[in-house]
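Asks: Encoded as structure tokens, here's the structure I'll be asking about.
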Amino acid sequence: MSETAAAPQAKPRRSVGGWLLIAIPYAWLLVFFLAPFFIVFKISLSEIAVAIPPYIPNFDPAAGWEGFTEMLGAFSFDNYVWLTEDDLYWKSYLSSVSIAAISTLITLIVGFPLAYGMARAPKEWRATLLMLVILPFWTSFLIRVYAWIGILKNEGLLNQLLLSLGLIDQPLTILNTNIAVYIGIVYSYLPFLVLPLYANLEKLDTSLLEAAADLGCPPWRSFWSITVPLALPGVLAGCFLVFIPAVGEFVIPDLLGGSETLMIGKTLWTEFFNNRDWPVSSAVAVILLLILVVPIVLFQNQQQKAAERGL
Amino acid sequence: MAKKPIGPVRRDFAPWDDPQARPYIEFRNVTKTFGDFIAVDDLSLKIYEREFFALLGGSGCGKTTMMRMLAGFETPNAGEIFLDGQNLAGVPPYKRPVNMMFQSYALFPHMSVEANVAFGLKQEGMPKAEIGERVEEMLKLVKLQDFARRKPHQLSGGQRQRVALARSLAKKPKVLLLDEPLGALDRKLREETQFELTDLQYELGMTFLIVTHDQEEAMTMADRIAVMDKGRIVQIATPAEIYELPNSRFVADFIGDINLMECKLTAREGDVSSLHAPVFGCDIKISQAVDANIGDTVWFAIRPEKVRISFEEPESRVNALKGEVWDIAYLGDVSIYHTHIANEETVRATVANRSRVVERPMSWDDEVWLSWDADAGVVLTR
């Protein structure tokens, strides 16, 4: 393509208003994400267990450039080294990722039929069904997780129901185990998986399924060869939306999990509020962010690809 | 009505005139309703092997429902459908020996062209090597060999249409159903594809059933056309018969352009009938035995290209009208003269533009005479 022909398309002119519109979200991110992140990062480079802020090294503006370089020289990565030395931290990270992954899988197994059923329901029902999925958001997340304690505890609703039905003779211990954490995560994050998946399945062209049937493919096979591959972008989007926040989840393991439930969110909380060790907990937070960057980048990548293919 | 085939029918191919011939596809008193809406109303239809059959009608006339019932996507409320002697009731779509080319093409977006064409063959459990050969053969047929690895979204509309065709032909079905197959193509490509489809149908020896609202498409390709309206078939005939001998005002008006005049039947002498059109103030003589009583209201229908237009007064006042040129539509190949007769009634006459003159002798407000031959028009009784 010649340069002259490409030029008008390559450089769309933006007005001042246009730039402003773009600047607002970036300014928001700068103030509320990037700046706090740098503060956390700076604290993580301070010395271990100096309990009270401000954490040294400090930057004294009066000392000028020299003072700045001096501060840089005083930074230490000891906190990060410490994270590798105490196995509590890497075990927490690993356990968080594995709990999040298992929960995501269960959410998918529960959520796919739900989203599929909604997308295949008669048109006039769909808005209502969608409402029902969003409805839990109208109650505080914290209260809903608390409510699960009442359901899952030994004298809770679930055990009473199972006992009265004669399915068990001893109450099951669910609360304060990892199972309760799985239940809590699956329950809390289900809408985040169902909504993108529903949006994807709903626009699936039914004539594709008819075409498959017409070519001799029975419905149970066309589900796997047509519906599932075409729903993949929705499946991935939903899974990332569950997995990413679940890794750093604190409330659910704290309320429903037991002492053996290791999750990085809980470890972080303990470090911060019980041990009052801000530098180490900051280092934990920075590493957590780095771990989550991988799936977030993958997610973005996949979204872009899906958009390009027009799926 | 005269029942001898006229016009270019495929030579020696007229199984519908043979009472011994066994229909290949048969609809027997089929009715299909959607809620209160009657899509197909107690309809019977016979289609013969190797026939290229067109269902023609406006939107909502039930033509697509007919095709979807044959493919198995809709179940009739009443009546039966037979294919090659087999009752199709209860046979799911994936077990019917028919393949359909969808209006939207319905190509699988996540599969390559190759995989799309191979899809039906894989379902059959055909060996891999054979699938490869067949896919290649099909892609060659639609001239897409070089595009085998592309995804549908990387193709143009015309290429997608070809992939859809190749995919529906790959299993070599007994019957190919085409749902508005050329609707999305531009005019040039459409015309080209029409001829390719007829050639293909002849070569492969399949039965084709096409659903279309485009009369030109039906006329060029089909052996027979069924014109549908409100869930019923109004007329089934060859394209030439449909055009020249429509059986009703609906068909006459739906297919092509036509002048309609309300008349009274005044006389019948053997094969010659006389009519009077009071609004036009015109006497008409026609070489057709009209199935009506003297004094009945009938309609005289004549195609614009069969009306002569000239300055000279014709010798006889029968089959002639005096009028004033009111508008001229110049289409390049032909010009259509809209002529006002008494009472602002309009009669259209089409004239082929045989010379390269830009200034045509006939112009707006000129007084002209319109005339036609005794075998040019047709009398309709409904």
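Bear in mind that the values in this text are calculations on the coordinates, not laboratory data. The model shown is predicted, which means the values in this text are computed figures rather than measured ones. Reconstructed Cβ throughout: ideal geometry from the backbone, glycine too, with neighbour counts over all protein chains shown.
Asks: Roughly how big is region A:78-309's charge dipole about its Cα centre, with Cβ charges of +1 (Lys, Arg) and -1 (Asp, Glu), in debye to the nearest 20? Before the final figure, lay out the partial values.
Replies: Values: 12 positive and 17 negative charges, 135 e Å.
With Lys and Arg at +1 and Asp and Glu at -1, about 640 debye.
Asks: Moving to a separate point now. Treat the count of other C-beta atoms within 10 Å as a stand-in for reagent exposure and order A:L241, A:L157 from fewest to most. Display every interim value, and only then the final one.
Replies: Details: A:L241 20, A:L157 13.
So the residues, fewest neighbours to most, are A:L157, A:L241.
Asks: Mean separation of Cα pairs under 8 Å and 6+ residues apart, divided by the residue count of chain A: what relative contact order is that in percent?
Replies: On the way: 304 pairs, mean separation 79.7, N = 311.
This gives 26 percent for chain A.
Asks: OK, next. How well do other chains shield peptide A:296-304, expressed as the mean number of their Cβ atoms within 10 Å of each residue Cβ? Intermediate results must be reported in sequence, preceding the final value.
Replies: Working: counts 0, 0, 0, 0, 0, 0, 0, 0, 0.
Going residue by residue through A:296-304 and averaging, the value is 0.
Asks: Could you bin all the Cα-Cα distances of region A:138-214 into 10 Å bins starting at 0 and give me the percent of pairs in each, rounded to whole numbers?
Replies: Going from the shortest bin to the longest, the percentages are 16, 30, 22, 16, 15, 2.
Asks: Would you please name the chymotrypsin sites (Phe, Trp or Tyr not before Pro) within region B:228-319 that are DSSP coil residues with at most 12 other C-beta atoms within 10 Å of their C-beta?
Replies: Numbers: sites: B:Y243, B:F250, B:F254, B:F280, B:W299, B:F300, B:F311; in loops: B:F280, B:F311.
Loop-located and lightly packed - B:F311.
Asks: Kindly write out, for region B:360-374 in residue order, the coupling ³J(HN,Hα) from the Karplus curve 6.51 cos²θ - 1.76 cosθ + 1.60 (θ = phi - 60°), rounded to whole Hz, with x marking Gly and Pro.
Replies: Each residue's phi maps through the Karplus curve to give 7, x, 8, 9, 4, 6, 6, 7, 9, 10, 10, 8, 8, 7, 5 Hz.
Asks: Now, a different point. Going Cα to Cα from B:K306, which lysines come in below 23 Å? Please leave out same-chain ones fewer than 8 positions away.
Replies: B:K3, B:K4, B:K264, B:K285, B:K322
Asks: List the longest stretch of chain A that has no exposed loop site; here a site is one of the GluC sites (Glu not before Pro) assigned by DSSP to anything other than H, G, I, E or B, with at most 15 other Cβ within 10 Å. Write out the running numbers ahead of the final one.
Replies: Numbers: sites that count: A:E47, A:E155, A:E260.
Answer from the scan: A:48-154.
Asks: Another question, if that's okay. Where in chain A is the longest stretch that carries no trypsin sites (Lys or Arg not before Pro) classed as loop by DSSP and with at most 15 other Cβ atoms within 10 Å?
Replies: Working: sites that count: A:R13, A:R14, A:K203, A:R276.
With trypsin sites (Lys or Arg not before Pro) excluded where exposed in loops, chain A gives A:15-202 as its longest stretch.
Asks: On to the next question. What number, in percent, do you get for the relative contact order of region B:257-373 if the mean sequence gap of Cα pairs under 8 Å and at least 6 apart is divided by its residue count? Show your work: numbers first, answer last.
Replies: Numbers: 256 pairs, mean separation 30.8, N = 117.
Relative contact order here is 26 percent.
Asks: At 222 nm, what helix-only mean residue ellipticity would chain B give, in deg cm²/dmol to the nearest 500, using -39500 (n - 2.57) for each DSSP H run of four or more? Write out the running numbers ahead of the final one.
Replies: Values: 8 runs with 85 residues, N = 382.
For chain B, the value works out to -6500 deg cm²/dmol.
Asks: Mind checking the dipole of the protein assembly as shown: about its Cα centre, +1 per Lys or Arg Cβ, -1 per Asp or Glu Cβ, Debye to the nearest 20?
Replies: Values: 63 positive and 79 negative charges, 217 e Å.
Dipole about the Cα centre, nearest 20: 1040 debye.
Asks: Filter the chymotrypsin sites (Phe, Trp or Tyr not before Pro) in region A:132-207 down to the DSSP loop ones having no more than 15 other Cβ atoms within 10 Å, then list what survives. Walk me through the numbers before you get to the answer.
Replies: On the way: sites: A:F137, A:W138, A:F141, A:Y146, A:W148, A:Y182, A:Y187, A:Y189, A:F192, A:Y198; in loops: none.
For chymotrypsin sites (Phe, Trp or Tyr not before Pro) across region A:132-207 that sit outside H, G, I, E and B with at most 15 neighbouring Cβ atoms in 10 Å, the list is empty.
Asks: Rounded if a/c is under 1.5, else prolate if a/b beats b/c, else oblate: with a ≥ b ≥ c from the C-alpha gyration tensor eigenvalues square-rooted, which is chain A? Present the calculation step by step, with values, prior to reporting the outcome.
Replies: On the way: a/c = 2.47, a/b = 1.18, b/c = 2.09.
Judged from the Cα gyration tensor, chain A comes out oblate (a/c at least 1.5, b/c at or above a/b).
Asks: Over 20 Å between C-alpha atoms is what I'm after, so list which of B:K143/B:K171; B:K63/B:K230; B:K128/B:K174 land there.
Replies: With Cα atoms farther than 20 Å apart: B:K128/B:K174.
Asks: What are the radius of gyration and Dmax of the protein assembly as shown, computed over its Cα atoms and given in Å?
Replies: Reported Rg and Dmax, both Å: 38.3, 124.
Asks: What is the average number of partner chain Cβ atoms found within 10 Å of a Cβ in B:95-104? List each step's numbers first, then the result.
Replies: Values: counts 3, 3, 1, 1, 4, 6, 2, 6, 1, 4.
Counting Cβ atoms of other protein chains within 10 Å of each residue's Cβ and averaging gives 3.
Asks: Tell me, what ³J(HN,Hα) does each residue in region A:140-151 have, in order and in whole Hz, if you take phi through Karplus 6.51 cos²θ - 1.76 cosθ + 1.60 with θ = phi - 60° and put x for Gly and Pro?
Replies: Each residue's phi maps through the Karplus curve to give 4, 4, 4, 5, 5, 5, 4, 4, 5, 4, x, 7 Hz.
Asks: Relative contact order of region A:190-270, please, whole-number percent, based on alpha carbon pairs below 8 angstrom and at least 6 residues apart.
Replies: Details: 60 pairs, mean separation 26.9, N = 81.
Reported relative contact order: 33 percent.
Asks: Here is a follow-up. Listing A:S44, B:S363 from the residue with the fewest other Cβ atoms within 10 Å to the one with the most, what is the order?
Replies: Numbers: A:S44 24, B:S363 9.
Ordered by Cβ neighbours within 10 Å, fewest first: B:S363, A:S44.
Asks: So, one more: In region B:328-372, what GluC sites (Glu not before Pro) fall in a loop by DSSP, with at most 11 other Cβ atoms inside 10 Å?
Replies: Details: sites: B:E344, B:E345, B:E359, B:E367; in loops: B:E345, B:E359.
Qualifying residues, ordered by number: B:E359.
Asks: Quick check: from the Cα gyration tensor, does region B:164-291 come out rounded (a/c under 1.5), prolate or oblate?
Replies: Details: a/c = 3.14, a/b = 2.58, b/c = 1.22.
Taking the square roots of the gyration eigenvalues as a ≥ b ≥ c, region B:164-291 is prolate.
Asks: Here's a follow-up. Under the rule a/c < 1.5 gives rounded, and otherwise a/b versus b/c splits prolate from oblate, where does chain B land using the Cα gyration tensor? Numbers along the way, then the final one.
Replies: On the way: a/c = 2.69, a/b = 1.75, b/c = 1.54.
It is prolate, given that a/c is not under 1.5 and a/b is the larger ratio.
Asks: Here's another thing I want to ask about it. Quick query: amide H of B:V234 versus all other amide H atoms, modeled in the peptide plane; which residues come in under 5 Å with a sequence gap of 5 or more or a different chain?
Replies: B:V227, B:M228, B:D229
Asks: What is the Cα centroid distance between region A:98-156 and region B:52-92, reported in whole angstrom?
Replies: Measuring centre to centre over Cα atoms gives 43 Å.
Asks: Once phi is turned into θ = phi - 60°, what whole-Hz ³J(HN,Hα) does the Karplus curve with 6.51, -1.76 and 1.60 give for every residue of region B:24-33, x standing for Gly and Pro?
Replies: Each residue of region B:24-33 in turn: 8, 10, 9, 9, 10, 6, 7, 10, 9, 10 Hz.
Asks: Once each part is reduced to its C-alpha centroid, what is the distance from region B:188-216 to region B:292-317 in angstrom?
Replies: Using only Cα atoms to place each centre, the spacing works out to 36 Å.
Asks: Can I ask one more? Quick check on region B:257-373: what does the Kirkwood estimate of hydrodynamic radius come out to from the alpha carbon pairs, in Å? Before the final figure, lay out each step's value.
Replies: On the way: mean 1/r = 0.0667 Å⁻¹.
Here the Kirkwood hydrodynamic radius works out to 15.0 Å.
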